[in-house]
Amino acid sequence: VRILALDVGDKRIGVAVSDLLGILASPLIAIERTSDSKAIDAILEIADEQEAGEIVVGLPISLSGGYSDQTKSVAAFVRKLRPVLRFL
């Protein structure tokens, strides 16, 4: 099963996809984040095209090990993404 990996930023979302064994991930595309709904639509389309069975999202943690503003921003995006995923 392929895994889609997301690196969520304020302006772009980096997308990588794994091989069929889920061992090696390769960069695929950067989605411009003009709106969360458009970004989510693009993620769903890519997941379907790549036949992804899982999606993982990187959670940025500060150097001190705590949550930062970016951590909270990514978590908020994941809360919007999770309900529309049919396989998670």
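Summary of computed values
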| read-out | value |
| --- | --- |
| Segment 11-32 residues that are closer than 16 Å to residue 57 by Cβ and among the aliphatic types (A, V, I, L, M), paired with ones that are open to solvent by less than 60 Å² (accessible area, probe 1.4 Å) and part of a loop (DSSP other than H, G, I, E, B) (beta carbon under 6 Å, 6 or more apart) | 13/33; 17/50 |
| Residue match in segment 68-84 (condition: part of a helix (DSSP H, G or I) and either in contact with a Phe, Trp or Tyr (Cβ under 6 Å, 6 or more places away or on another chain) or of a type in the set (Asp, Glu) (or both)) | yes |
| Wholly enclosed strands (runs of 3 or more DSSP E) of segment 9-64 bearing at least 1 residues over 22 Å from residue 86 (Cβ atoms) and among the basic types (Lys, Arg) | 12-18 |
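Rundown of residues vs (1) aromatic (Phe, Trp, Tyr); (2) in contact with an Asp or Glu (Cβ under 9 Å, 6 or more places away or on another chain); (3) surrounded by 14 or more Cβ atoms within 10 Å (Cβ to Cβ), yes/no style:
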| site | (1), (2), (3) |
| --- | --- |
| 4 | no, yes, yes |
| 7 | no, no, yes |
| 11 | no, yes, no |
| 25 | no, yes, yes |
| 33 | no, yes, yes |
| 39 | no, yes, yes |
| 53 | no, no, yes |
| 70 | no, yes, yes |
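The values are calculated or read from the model by the stated rules, or taken from the named source; none is laboratory data. Just so we're clear, the structure is a prediction, and the values are computed from it rather than from any experiment. Counting neighbours? That spans all protein chains shown, and the Cβs are built from the backbone with ideal geometry, glycine included. The accessibility values were calculated without ligands, DNA or RNA, using every heavy atom of the protein model including side chains. Shrake-Rupley method; radii C 1.70, N 1.55, O 1.52, S 1.80 Å.
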